[in-house]
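Contents: one structure, followed by commentary.
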Amino acid sequence: MTIDPKTSSTGKRAPGPKGSFLWGSLAEFQKDSLGLLSRSAQDYGDIVRLRFGPITAHLLNHPEYVEHVLLRRADRYDKNTRSVGMIRATTGDSLLSSNEDAWARHRRLIQPVFQPQYMDSIIATIDDETNAMLDRWAKRAEQGQSVEILSEMMRLVIAISARVLFTANVDADRLESALEVVLADTWRRLESLLDPSMISPRFHRNAFKQAVGDIDDMIYEIIKQRRSSPTTRDDLLSRLLKARDEESETGFTDLELRDAAVTLLLAGHETTANALAWTFHEVAKAPEKQFETYNASDLFDETVRMYPSIWIIERRAKIDDQIGPYHIPKGTSVMISPYILHRHPEFWPTPDEFDPSRYNAETTASRPRNAYIPFGLGR
């Protein structure tokens with residue numbers, strides 16, 4: 001499998017479903033997005049051309065193609081896409097949504113914060129919150145009550161995230177409620193071809209604006225208190241406040257701190273809670289299997305293979321490009337779905353089966369490295 005190294009393209013048009021005359025495959029995508037992508041990859045191969053009304057996109061479903069867009073030729077693609085624009089309404093210009101220079105600045109500032117010794121230091125916080133949750137479960141068990149696992153995981157993760165980020169008395173219930181509204185509204189807009197908020201942020205729904213306002217009020221108040229306080233705390237926010245860009249020797253502005261904090265909250269909230277809940281689901285679904293023979297890492301790795309936190313990644317082609325034999329026109333989108341890639345039969349035998357044995361050293365070494373990208377790749 002080869003990829004044309006030139007920036008010009010002489011390739012042919014990729015195959016794909018025709019869909020309706022006006023809207024292409026939009027209705028199918030809105031009804032069952034993962035079903036459409038799965039069928040398209042199965043029917044047309046590792047590069048599929050899809051049309052959603054005026055938007056043309058290419059689904060890429062091979063590790064080499066993924067590396068081309070997200071690593072080796074990442075300079076040919078950017079995040080100026082419809083989906084990232086929807087996310088930017090919440091996260092601002094953060095690691096998740098920014099391009100090139102802005103992304104590099106955030107990376108330089110944030111990366112030194114996540115040192116191994118700091119990660120080790122938060123284990124006690126995780127233990128505290130987990131033990132408090134288990135105590136609640138024990139009381140419910142005594143009373144014959146069931147546990148709603150996703151709700152419990154959401155509550156656990158937001159409590160840990162708030163303590164790790166802020167070491168402050170954050171109203172966790174208010175924060176969680178606001179995040180739920182923001183996430184739900186973001187997915188609603190992603191599934192709609194047209195939304196008034198695309199014209200102007202003023203046209204966002206009131207519930208979304210209120211939720212973002214609640215998050216901002218909490219975070220900016222903590223930033224204000226922290227900047228004016230002579231007391232130093234060893235939480236993530238304090239470390240971000242002290243961080244300095246090695247090139248400009250400047251630190252985060254309040255807006256950059258806010259964007260970084262919101263992004264880390266989102267990254268550590270629903271995605272992690274969902275992955276933990278799916279782990280419980282898969283283990284409980286097959287009690288006859290001896291999952292206790294596997295370590296927690298293998299169980300979690302297999303969970304995020306089957307249910308990746310990021311199920312789709314979108315980029316925009318800045319110039320004409322060629323991937324394999326196919327032309328990728330300038331201005332069109334490319335989509336990479338870890339959910340679909342993680343079920344590619346060439347790399348994942350029996351892909352719909354929950355099997356933690358996939359992660360032993362021999363099996364892992366035989367698989368292309370980027371056939372597994374549960375948390376994305378590159379920028």
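So here's what we get for this one:
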read-out: Radius 11 Å from Cβ of PRO196, net charge of other residues (Lys, Arg +1; Asp, Glu -1); value: +2
read-out: Accessible surface, segment 243-373, averaged per residue in Å² (probe 1.4 Å); value: 47 Å²
read-out: Estimated inter-spin distance, SER200 and LEU255, nm [label 7 Å along Cα→Cβ]; value: 1.9 nm
read-out: Cleavage-rule hits, GluC sites (Glu not before Pro), segment 77-174, DSSP coil, Cβ neighbours within 10 Å at most 12; value: GLU148
read-out: Segment 1-122 shape via C-alpha gyration tensor axes, a/c threshold 1.5; value: prolate
read-out: Value of [θ]222 nm, deg cm²/dmol, for the chain, DSSP H segments ≥ 4, -39500 (n - 2.57) each, nearest 500; value: -15000 deg cm²/dmol
read-out: Tally of Lys pairs whose C-alpha atoms are under 15 Å apart, taken over the chain, 8 or more apart or cross-chain; value: 7
read-out: Packing-based ranking, highest mean first, of 343-350, 55-62 given that Cβ atoms within 10 Å are counted; value: 55-62, 343-350
read-out: Gain upon complete extension [LYS289, ARG244; 0.36 nm per residue less C-alpha separation]; value: 11.2 nm
read-out: Chymotrypsin sites (Phe, Trp or Tyr not before Pro) restricted to DSSP loop in segment 5-78 with at most 13 other C-beta within 10 Å; value: PHE21
read-out: Beta bridge orientation in the chain: antiparallel %, DSSP, nearest 5; value: 75 percent
read-out: Span-like helix ranges in the chain, DSSP H, alpha carbon extent 20 angstrom or more, Kyte mean at least 1.6; value: 149-166
read-out: By average C-beta atoms within 10 angstrom, highest first, the peptides 299-307, 247-255, 107-115; value: 299-307, 107-115, 247-255
read-out: Label corresponding to P(r) over Cα pairs in 10 Å bins from 0, in percent when calculated from the structure given, among (1) 5, 18, 20, 17, 12, 9, 8, 6, 3, 2, 1, 0; (2) 4, 20, 30, 28, 15, 3, 0; (3) 5, 23, 33, 26, 10, 2, 0; value: (2)
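The values are calculated or read from the model by the stated rules, or taken from the named source; none is laboratory data. Just so you know, these numbers come straight off a predicted model, no measurement behind them. Counting neighbours? That spans all protein chains shown, and the Cβs are built from the backbone with ideal geometry, glycine included. Protein only, heavy atoms only, side chains kept; ligands, DNA and RNA dropped before computing areas. Shrake-Rupley method; radii C 1.70, N 1.55, O 1.52, S 1.80 Å.
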